[in-house]
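Asker: This is the structure I want to talk about, given as structure tokens.
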Amino acid sequence: MNAKRILHFSMLFMVLIGLMMVQAAAPMGVSYASSALSSSGIRIFWYDRTFGETEVPYFADNDHLYNPDGVGVDSAGNVWVAESLGARAMKYSSAGTFLMSIGTPGRAWLADNKHISVPMDITVDNTGNVWVVDQNSHRAVKYDASGNYLMQLGVTWEGGSDNNHFSYPWSLALDSSGRIYVSDAGNNRIQVFNSDGTYNTTIGVTGVAGSDNSHFNSPWHIAIDQDNNLYIADLGNERVQIFNGSHTWVSTLGTTGAIGDDNGHFNNPRGVAVDAGRIYVADGGNHRVQIFDRGTRGYLATLGIGGGRGDYQFIWPGDVAVDSNGYIYVADNQNNRVQKFDKNLNYVRTIGTTGVPYLTDDVHYYMPDHVAVDAEGNIGIVEDDFRGHRFIKLNQNGVPQFTIGEAGVKGGDEAHFANPTGVAFDADGNIYIADEWNHRIQIFSSDGTYQNTLGTGWGSGPYQFKYPGGVAVDAGGNIYVADSNNQRVQIFDSSRTYKATLGITGQAGSDEDHFNQPTDVEVDASGNIYVVDVYNGRIQKFNSNHAWQMTLGDFWGPSGVAIDLSGNIYVSVFWTNQVHIFTANGVYMTTIGGDSGNQVDQFRHPSSVAVDAQGNVFITDKDNARVQKYVPGKLLFVPLIMRN
């Protein structure tokens, strides 16, 4: 066989393999069709570059704490802090000097022997071993004093209600015999294990919330005193429940089901600690710690003077601990710090930096959730998933232009966001941001100057939203909002006047007239509307008259949709780490990604996709803390016999 024929055969073989790979990458429920090919071939996309630093959401340092939710002390007086949104267990001396940590800052997507996803509580036993409750991965992990993994209770990333599983566990305590108590908040119970980790018994009724003395409603932090009495911050019931060492109910602090701010009531009691003489309750919604006599259980004093950032103030304190010398440590959650007080309630010092959760810049992204590209190729990125709370604008070369919002800090004014989840540009480069927790759309000029707000807050009226997830703007300036919890898409004209609704307000469904959690929306050049219908696993297409046209599905977690100038449809799929591409008629073409990882062409939960005027594709690779860019390659020639 001569060289030319060998080359021709090799090319045919490569194309055949490529087509087989395209077929294998097709999403569930979508079959490969030869009509996906143009007259000259099939489009291939090539990796171009990364925006952000892979797996590095922000700078690592030991002087900042991001949402400390748990605090504990060991027998030597050292302080342990569960940095829930920072994914670390931090150890400090009693003087506030950093000593060591377990976990990697900001890597909340990892949970293995070295990494913690969302640590909520820390307990140290009498031999120095450290227990960390890792809420999101449904486990409690035991480490030695040097931070080496020893064992765990629960199954990583597997929530459940049997005796080998937890559902969002919150806290852990140990009694004098070494028995292990875990508050299994999602299952409304306390699980008790022997010192070797074998199941012992359950306090409460699994999966059943209740307000009598046999039930709990979201039990959070727990503590055990020197007599093996168990104290449970029963958050949903606005009380602290006390049981003796035989697990029999003894007493209640607070009034069951009654929120209040006097000395006999709580507002979201989150944490509890006890020493020889006193009981301490982190009264989250009242921004204080209430102190009671351990013997009589009568009120003694209050630590804190209301919500604020002063030395004697808290914002949503999450937990409290007390050491053998009577020093009190308060996990001041929303102030991103731990405050220390002496036994006379005098302020001593702060661990962490008040109001500053972490240090970052404009080229690192914590949980980038959505990306958009304007007509000039400028790139807009929003960070969310309870963490970043920023918008960052880059030029087409990736050079930062400006930032709106404060890294890791929620707010409801013009300069802050609370979990922004969507972003879009209009034809003039104005910026529209879906500010999810503030139930509004924030509008800024192309230079970042605040212009207007669309929405009047939480609700189901025409100008109200419930957790808006995505936003789009068409060529005429009409605004489309994926109003997720209202199960609809709201449409407004360029003057922000209400025009129409897609879906039925407040009604989830799976037919053509309903959505089930619409979380993103896009509009093409012809005015066709595309809605990401998450819980139905599909993309719904409507024409400019709002009539249903087509359904694309079924996907395992569709997260974003984009349309190029040819009308091709790009769908990011969160759980399968892929972006699928279809023709305007919904015929499957090809896939970008498909493998979980941190390498080129791999993703960890792609949460959105955008396409610019040149056909370049931008994908938010959420858990890798980056945005990946792909460029369209040449059409690959496919011989007629193969196309047939």
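The values are calculated or read from the model by the stated rules, or taken from the named source; none is laboratory data. Note that the coordinates shown come from a computational prediction; the quantities given were computed from them, not determined experimentally. In this analysis, Cβ positions are derived from the backbone assuming ideal geometry, glycine residues included, and neighbour counts consider all displayed protein chains. Note: accessible area is taken over every heavy atom of the protein model, side chains too, but ligands, DNA and RNA are not part of it. Shrake-Rupley method; radii C 1.70, N 1.55, O 1.52, S 1.80 Å.
Asker: If you check every pair at least six apart or on different chains, which have Cβ atoms under 8 Å apart with a residue in segment 547-558 that is farther than 15 Å from Asn516 by Cβ first and a residue that is surrounded by 14 or more Cβ atoms within 10 Å (Cβ to Cβ) and among the small types (Gly, Ala, Ser) second?
Answerer: That search, which allows pairs on different chains as well, returns Met550/Gly586; Leu552/Gly586.
Asker: A further question follows. Test each condition in (1) open to solvent by less than 40 Å² (accessible area, probe 1.4 Å); (2) closer than 30 Å to Ala424 by Cα; (3) among the acidic types (Asp, Glu) for Asp361 and report the one that comes out false.
Answerer: (1)
Asker: Another question, if that's okay. Mind checking which residues of segment 248-285 are out of contact with any strand residue (DSSP E or B) (no Cβ under 6 Å at 6 or more places or on another chain), more than 24 Å from Thr201 (Cα to Cα) and of a type in the set (Ser, Thr, Tyr)?
Answerer: Hit for segment 248-285 is Thr255, nothing else.
Asker: In the list Ser177, Ser161, which residue meets the criterion of being within 26 Å of the chain's Cα centre (by Cα), assigned to a loop (DSSP other than H, G, I, E, B) and farther than 23 Å from Lys91 by Cα? Show your work before the answer.
Answerer: Working: Ser177 fails: within 26 Å of the chain's Cα centre (by Cα).
Result: Ser161 is the single residue among Ser177, Ser161 that is within 26 Å of the chain's Cα centre (by Cα), assigned to a loop (DSSP other than H, G, I, E, B) and farther than 23 Å from Lys91 by Cα.
Asker: Let me ask something additional. Among the listed residues Arg139, Arg179, identify the single one that is touching a residue at least 24 places away in the same chain (Cβ under 8 Å), charged (D, E, K, R) and open to solvent by less than 60 Å² (accessible area, probe 1.4 Å).
Answerer: Going through Arg139, Arg179 in turn, the sole match is Arg139.
Asker: Criterion first (charged (D, E, K, R) and either surrounded by 19 or more Cβ atoms within 10 Å (Cβ to Cβ) or modelled with pLDDT under 95 (or both)) does Arg49 satisfy it?
Answerer: Criteria not met by Arg49.
Asker: Considering only residues of segment 536-575 that are among the aromatic types (Phe, Trp, Tyr) and within 21 Å of Ile619 (Cα to Cα), which is most open to solvent (accessible area, probe 1.4 Å)?
Answerer: First pass over segment 536-575, keeping only residues among the aromatic types (Phe, Trp, Tyr): 542, 548, 555-556, 570, 574-575.
Cutting the leftovers down to within 21 Å of Ile619 (Cα to Cα) gives us 555-556, 570, 574-575.
Details: Phe555: 15, Trp556: 165, Tyr570: 7, Phe574: 44, Trp575: 129 Å².
Step by step, filter segment 536-575, then rank; the result is Trp556.
Asker: Separate question: Restricting attention to segment 225-236, which residues are within 31 Å of the chain's Cα centre (by Cα) and open to solvent by 10 Å² or more (accessible area, probe 1.4 Å)?
Answerer: Correct list: Leu235, Gly236.
Asker: Look through Thr123, Thr97, Thr127, Thr104 and report the one residue that is open to solvent by 10 Å² or more (accessible area, probe 1.4 Å) and within 25 Å of Gly204 (Cβ to Cβ).
Answerer: Going through Thr123, Thr97, Thr127, Thr104 in turn, just one is open to solvent by 10 Å² or more (accessible area, probe 1.4 Å) and within 25 Å of Gly204 (Cβ to Cβ): Thr123.
Asker: Could you grab me the full set of residues in segment 336-369 that are hydroxyl-bearing (Ser, Thr, Tyr) and in a loop (DSSP other than H, G, I, E, B)?
Answerer: Scanning segment 336-369 gives Thr353, Thr354, Tyr358, Thr360, Tyr365, Tyr366.
Asker: Please verify whether Val471 is touching a residue at least 40 places away in the same chain (Cβ under 8 Å) and either within 25 Å of Ala547 (Cβ to Cβ) or buried (at least 24 other Cβ atoms within 10 Å of the Cβ) (or both), treating the condition exactly as stated. Working first, answer last.
Answerer: On the way: touching a residue at least 40 places away in the same chain (Cβ under 8 Å): yes; either within 25 Å of Ala547 (Cβ to Cβ) or buried (at least 24 other Cβ atoms within 10 Å of the Cβ) (or both): yes.
Criteria met by Val471.
Asker: For Gly318, which of the numbered conditions (1) open to solvent by 50 Å² or more (accessible area, probe 1.4 Å); (2) in contact with a helix residue (DSSP H, G or I) (Cβ under 6 Å, 6 or more places away or on another chain); (3) within 27 Å of Asp234 (Cβ to Cβ) fails to hold?
Answerer: Just one mismatch for Gly318, condition (1).
Asker: Looking at Gly271, Gly245, which is the one that is open to solvent by 20 Å² or more (accessible area, probe 1.4 Å) and touching a residue at least 24 places away in the same chain (Cβ under 8 Å)? It would help to see each step written out before you state the result.
Answerer: Numbers: Gly271 fails: open to solvent by 20 Å² or more (accessible area, probe 1.4 Å).
Selected residue: Gly245, the only one of Gly271, Gly245 that is open to solvent by 20 Å² or more (accessible area, probe 1.4 Å) and touching a residue at least 24 places away in the same chain (Cβ under 8 Å).
Asker: Which fully enclosed strands (runs of 3 or more DSSP E) of segment 370-473 have 1 or more residues being in contact with a strand residue (DSSP E or B) (Cβ under 9 Å, 6 or more places away or on another chain) and hydroxyl-bearing (Ser, Thr, Tyr)?
Answerer: Working: elements: 379-383, 391-394, 400-404, 420-425, 431-435, 440-444, 450-454, 468-473.
So the answer is 400-404, 420-425, 431-435, 450-454.
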